[in-house]
1. Take Y694 and decide whether it is in contact (Cβ under 8 Å) with a residue 24 or more places away in the chain, among the aromatic types (F, W, Y), out of contact with any His (no Cβ under 7 Å at 6 or more places or on another chain) and under 30 Å from F604 (Cβ atoms).
2. Could you tell me how many of the residues in the range 504-555 are assigned to a loop (DSSP other than H, G, I, E, B) and open to solvent by 10 Å² or more (accessible area, probe 1.4 Å)?
3. Please enumerate the residues belonging to the range 12-26 that are open to solvent by 80 Å² or more (accessible area, probe 1.4 Å) and closer than 17 Å to F41 by Cβ.
4. Mind checking which pairs have a first residue in the range 314-335 that is within 15 Å of Y348 (Cβ to Cβ) and in contact (Cβ under 8 Å) with a residue 60 or more places away in the chain and a second that is outside any helix (DSSP H, G or I) and among the β-branched types (V, I, T), Cβ under 9 Å, 6 or more apart or different chains?
5. Taking G364, is it modelled with pLDDT of 75 or more, in contact with a Leu (Cβ under 8 Å, 6 or more places away or on another chain) and either under 25 Å from L84 (Cβ atoms) or in a loop (DSSP other than H, G, I, E, B) (or both)?
6. Testing A695 on (1) under 24 Å from Q589 (Cβ atoms); (2) among the hydrophobic types (A, V, I, L, M, F, W, C); (3) open to solvent by 10 Å² or more (accessible area, probe 1.4 Å), one condition comes back false. Which one is that?
7. Identify the residue in the range 565-585 that is open to solvent by 20 Å² or more (accessible area, probe 1.4 Å) and charged (D, E, K, R) and, among all such residues, is farthest from P671 (Cα to Cα).
8. Which numbered condition trips up E379, out of (1) outside any helix (DSSP H, G or I); (2) modelled with pLDDT of 75 or more?
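The values are calculated or read from the model by the stated rules, or taken from the named source; none is laboratory data. From a predicted model like this one, the values you see are computed outputs, not experimental measurements. When we count neighbours, we look across all protein chains shown, and the Cβ atoms used for this are built from the backbone with ideal geometry, even at glycine. These accessible areas exclude ligands, DNA and RNA; they are computed on the full protein's heavy atoms, side chains included. Shrake-Rupley method; radii C 1.70, N 1.55, O 1.52, S 1.80 Å.
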Amino acid sequence: GLVLTNWIKFIFYVGIPTLTFVGLLFSGSQDFHSITLVTTFWSASCLFACFSVSVIFLQVSSCLYLVEELYEREGMTTMERLKLTILNAEESCLSGKVHRNYIYDSNIYDLKRLDSTSMTARSTRRLQEGGNDKAMYLYSTHGQWYIKFTQFLPRGLFTTLELPMRCWTQAEIDFNIPFYTKTSWSLESVFCRIKNESHIALVSGPSALTTQQSFSSMVCYFFGVVFYILLVTGLMVFAQVSATVIAAVVCLFVAYWLWQGRKEYRMIKHANTILRRLQSDGNDNADGSDDNEDDYDSALFQKWETFMVTKPTPAFAWFSFIVKNIIIAMIPLSYFCYSRNLVGAMTYLVLFLLCFEKHYFDIGPIVEALGSFGTLGMEPGTSLAHSGLLGASTRREFQKKSRLYHITRMNNNASRRIWSKLLNFFAVLFGVVAMAAISSGPGQEEGVAPYVTFPSNSTFFYDVPQEEVSPMCNVNFGNNNGSNATSSLTSPVKYLADYNFLTIISYFKIDSIQPLLDTWFGEGEAFLDEDVIPTFREAHPDLPSAASFQLVHFSDNSAVVCIRGSKSYFDFLVDARLWYAASLFQLVQSAMPFGFSFDALVDFCVSRLSDIEASSMKQVSYYVETTAFVDYLLKSGIYTSVTITGHSLGGGLALITGAQTKTPAIVISAPSAVMGRSAVTPEISLDDIKRYTYAVIPQRDIISRLGGEHMNSANIKCRAGVSDPMACHMEYRSLCELMYTCGNVKRPVYCECVRQFGYPEPTAVDGSGTSFDALCEAL
């Protein structure tokens, strides 16, 4: 079996990819790298799928076997075992459990009793009597609030057990409990240990912890508390949170840690009581024998014990099971079927079945109730004559229990729990945004009042010597057919700052845009076209009117399509639809050594993820309408040239539309379309992205670095503090930076550059000596 397993892994991991690579070299294929990567991915995925199926089979079969022992019924049918397995998992999930933390002396409760079910009666009596006896002390309890809540509910939903049932943990079953001795002790192990798991500390004998080690453990706990409080405080100060909020949060943290410290103090107090008793007993053991202290170690046990106090009735458990599966399975699958998205429905069904198996056929709740792996792997008719995992009497029994042991270890891994909670948080967050977006729906939203204020005397400019001006300040794009011919020299749009300004006005109310255009470009140079867009939408009633954009034409008969960025919840949903897959793989790729060599595999994965989406979702994507509109302008011949611009989401849409229609697109702080180019319809090529798109990327702007590296870009500074991660994404700040850097740009400086973003005051070209700040103050 071991040899066969290794040969299978060798064939799938090495053999198939190598043969593919060599075959492509002999055939002279130019795509040998990308094809080999995709083949390796599918080969490893197939092997992982086979391994997953075997693990699922082992876990399900073990559950169906052990559930018969749990309910002590013989001759059960497969359907009865399935029902009881699901019922037990649902009851374990909903039941009220109390977690109690004890400290006691190993001379009273020795190691052999830790993994024996004979402790159940003693543990239950401790729970009922309050937890103290000669050498055992209770110092913390958790979970009582939920128990009280279940007892408060109407009768028929939960029942209170007459005798609380002991729930065994994986560590107790296989006795995998950490020891602290003078050789194994370290500050790292003390600081990083899981606080709600049992551990053992040797306090007397040759391997006992020293006084310095015990004292250091307490000091380490204190410094850990101080570290957490200072860390949270420092992060809030860095984020420029108000002093009142910081004080309130610090007070809450201090109160919490004082409460935790009270429990630690009680534990130390009880430990000292036991230590004094051990010292008074001398070398006498608990059973009265006279062992030499040099040959005998005494230990203090910090032990967590869990008891089930209340459990749901079978009727309520089945009701909860049905409701969960209707919400999680039936409603989403019905939506996929309604939208005729077969690929999405099949993908979701597979994921649901995997989650269903993981939750309802988890061996944990059964082992938790049994306290062992039972008679799994034993010959029929034999009885369990040992406890724990390592007491297996035959090789077959050891193999069965060992495999199941490793599966449960993976399921209960601490890092897995952390990642599960993190993924659940993002899933809930995405669900909230999606529900808000669906409730509001796509559609045109009214613009906002202008955020820019120009002084009454618009003759203030930044004076920068011509030799210090960066070449990026001026725009010189070819015409729409991709030639190298320069655009019209008479065009009012000459600078990157002009496109930045046009991205800003796309957020504003219609009636406020034309006055701003006159102020910026001068009267008679730029005009807001309010007729073309309604005419286009009337001519294309089949297209969703979800995107928000404006059309500005100029005195030289050129035009710029200004696409608005994210503003509503539906906008954020569109952002996620277009860039979530590319951003996810970008993160993984950046963390991998030589991640750039996996570009072909990333493109393949992003493309496959886009296949899952419903066609209706793709139609709602804003770029469908913006691309159709630009095509409409180009075919109509109304304007001699067309350019596209946008900020953030609007910039990303401009990049996609520009590459699809082969139209120049100049964007500000936009996510790249490089990694997600195969997720749009029709797909766009790298050549079109390189030829027709240009991006302005502010320093430390996270959004403009999503989706891959821009093929043509200009990097500008961001003078905002590092405490605000989104400040560099603001289009208003980018405009101020472009105007300050490109001082020869004869465009009026608006007041917010100085008053809000802290840029120096511009100078008046008329030499009047009027103060810029005074004019802004008057407004």
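1. It is true that Y694 is in contact (Cβ under 8 Å) with a residue 24 or more places away in the chain, among the aromatic types (F, W, Y), out of contact with any His (no Cβ under 7 Å at 6 or more places or on another chain) and under 30 Å from F604 (Cβ atoms).
2. Result for the range 504-555: 17.
3. Listed by number, the residues that qualify are Y13, L19.
4. If the second residue must be outside any helix (DSSP H, G or I) and among the β-branched types (V, I, T), no pairs are left.
5. no
6. All conditions pass for A695, except number (3).
7. Selected residue: K567.
8. Unmet condition: (2).
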